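Notes to accompany the following structure.
A short reminder: the numbers here are calculations on the coordinates, not readings from a lab. Source: prediction; values computed, not measured. Every residue, glycine among them, receives a Cβ derived from its backbone with ideal geometry; neighbour counts consider all protein chains shown.
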Amino acid sequence: MLSPEQVIWINARFLTRPVTGVERVAREVISALVRHHLDSQGCWRGSGQVLRFGLIAPRTPEALSNPWPELRLWQTGGFQGHAWEQWDLPRCTAGRLLLNFCNTAPLFKRHQWTFLHDAQTFAIPQNFTLTLRWWYRLMFWMVARWGLGVLTNSSFSASELARFMGVDRSRLTVAHLGADHMARVTPDLTPRLKTLMDLLADRPFVLAVSSDNPNKNFSSVIKALELMGPHAPACVIVGQKNDRVFSRSTLSTEKIHHLGYVTDAELVTLYRRATVMAYPSFYEGFGLPPLEAMWHGCPVVVSRTSALPEISADAALYCDPNDPSSLAAALSSLVHDPVLRLQMSRRGQDRARTFVWRQTATVILDAVTAPCR
């Protein structure tokens, strides 16, 4: 049971890492908590309780930047990485509630909630090294049983985690992610984007994300464009270049434009200019990039698998990730039918605006403060 004026610690190890998928989620959830639910001292007040939130992270050579001045940041311990998380973190938060937002948590701490983003290590183990596979399986299994509960991002992920870990579905709380962070990003037509847009002129193009992760199924995008023949649209690719896919491609180099890493501002520019975004992933616990594209009116084609239909509903066209011809057909319909393209753009914007971080934070706060009510 939580006591009055108790500190709830947030595992802020993510502040020591670059911002990628789970780190972005952690930052957006905490920002929404601070903005909508906590006072200027980082306190939540309800049912006669005062709960103070704080951040706890490993010691680093230089002080970490704290994006939330309302929250105290405590850097402590003698280890780094997983060692800090498994040894220093549970010792320093003994007797206190701990929130973990990035898939990892102390194995043997009972008084904690952990956000598990998907069940990939169970569902598609071939995509992970043997060491990583068994470490994450052990950690997921332990935190699901020892902790107070598990947070996750979709009903699909909740069902998958319950099934693979053998725990009751009631121990998992679904908190859909938000997309409204897109409203805070100002598009930026940087010189390299301006050069690209001048080159493409007003011709349609497909936006795609390249990765060495085979789960993202980037090869299907290339195969789909090849199937579309000489009238295939150009393809603008962001992310890590997958040389193995490109080496086998028969597409003209004039149709492929690889940008590599892009800033959020550049990505918004691309979302607004692209004809369609292709996202034929094999497995997603949520699938945030298509929702971001929808926010900016970019029609999307996603796989009819995992959590993607739950999140996209009728606001996307669907393909079979194992059949590039189905992706080619969906892309072609959007490229060549302006009425359908406008319809899907409007549906996407309406759908994306139902996913807001304030609601994510509310669901999480309701779950972790339930003993206080």
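Axis angle, to the nearest 10 degrees, between helix 264-273 and the longest C-alpha principal axis of the chain: 40 degrees.
Quick one: grab the alpha carbon gyration tensor of segment 183-352, order the square roots of its eigenvalues as a ≥ b ≥ c, and give me rounded if a/c is under 1.5, else prolate or oblate depending on whether a/b is larger than b/c. Spell out each step's value before the answer.
Values: a/c = 1.26, a/b = 1.04, b/c = 1.22.
Verdict is rounded for segment 183-352.
Rounded to the nearest 0.05, the FRET efficiency derived from the C-beta distance between Arg72 and Trp141 at R0 = 45 Å is 0.90. Sorted fewest first by neighbouring Cβ atoms within 10 angstrom, Thr131, Thr362, Thr60 come out as Thr131, Thr60, Thr362. Multiplying the residue separation of Thr263 and Thr20 by 0.36 nm and removing their Cα-Cα distance gives an extension gain of 86.3 nm.
Take the Cβ-Cβ distance between Arg59 and Ile124 as r, set R0 to 45 Å, and report the resulting FRET efficiency rounded to the nearest 0.05.
Values: r = 36 Å, r/R0 = 0.80.
According to the calculation, E is roughly 0.80.
Taking the C-alpha atoms only, the angle from helix 357-368 to the longest principal axis of the chain is near 30 degrees. Extending 7 Å from the Cα toward the beta-carbon at both Arg203 and Phe79 defines two label points whose distance is 5.5 nm. Projecting the Cα atoms of Tyr136, Ala232, Pro90 onto the charge dipole of the chain, computed from C-beta unit charges around the Cα centre, puts Pro90 farthest toward the positive end. Amide hydrogen proximity for Val356: with H placed 1.01 Å from N in the peptide plane, the residues at 5 or more positions away or on another chain lying under 5 Å are Ala179. Which angle from 0 to 90°, rounded to the nearest 10, does the C-alpha axis of helix 324-336 make with the longest principal axis of the chain? Result, in degrees: 70. Toward the positive end of the charge dipole of segment 183-352, with +1 on the Cβ of Lys and Arg and -1 on the Cβ of Asp and Glu, the farthest Cα among Leu267, Trp295, Ser210 is that of Leu267. Comparing mean-square fluctuations of Leu151, Leu172, Leu342 from a GNM of the chain with C-alpha springs under 10 Å, the top value falls on Leu342.
Charging the Cβ of each Asp and Glu at -1 and of each Lys and Arg at +1, and nothing else, the dipole of segment 271-373 about its Cα centre rounds to 440 debye.
Each of Leu334, Ile124, Pro191 was placed along the dipole of the chain (beta-carbon charges, centred on the mean Cα), and the one lying farthest toward the positive end is Ile124.
Work out the length of the dipole vector of segment 183-352 about its Cα centre, built from +1 on the beta-carbon of each Lys and Arg and -1 on the beta-carbon of each Asp and Glu, and round it to the nearest 20 debye.
Working: 17 positive and 17 negative charges, 39 e Å.
Computed charge dipole of segment 183-352: roughly 180 debye.
Helical runs (DSSP H, four residues minimum) scored at -39500 (n - 2.57) apiece and divided by the length of the chain put the mean residue ellipticity at 222 nm at -11000 deg cm²/dmol.
Pairs of Lys residues in segment 183-352, spaced 8 or more positions apart or belonging to different chains, with C-alpha separations under 18 angstrom: 5 in total.
Can you work out the PRE-style zone for Asp39? Point 7 Å along Cα to Cβ, and I want the residues of segment 66-107 with backbone N under 15 Å. Of the residues in segment 66-107, 70-71 have backbone N under 15 Å from the label point off Asp39. The value for the chain of Rg(Cα) / (2.2 N^0.38 Å) is 1.04.
Rounding to the nearest 20 debye, state how big the charge dipole of the chain is about its Cα centre with +1 on each Lys and Arg Cβ and -1 on each Asp and Glu Cβ.
660
Each label was represented as a point 7 Å from its Cα along the Cα-to-Cβ direction; for His336 and Thr195 these points are 3.4 nm apart.
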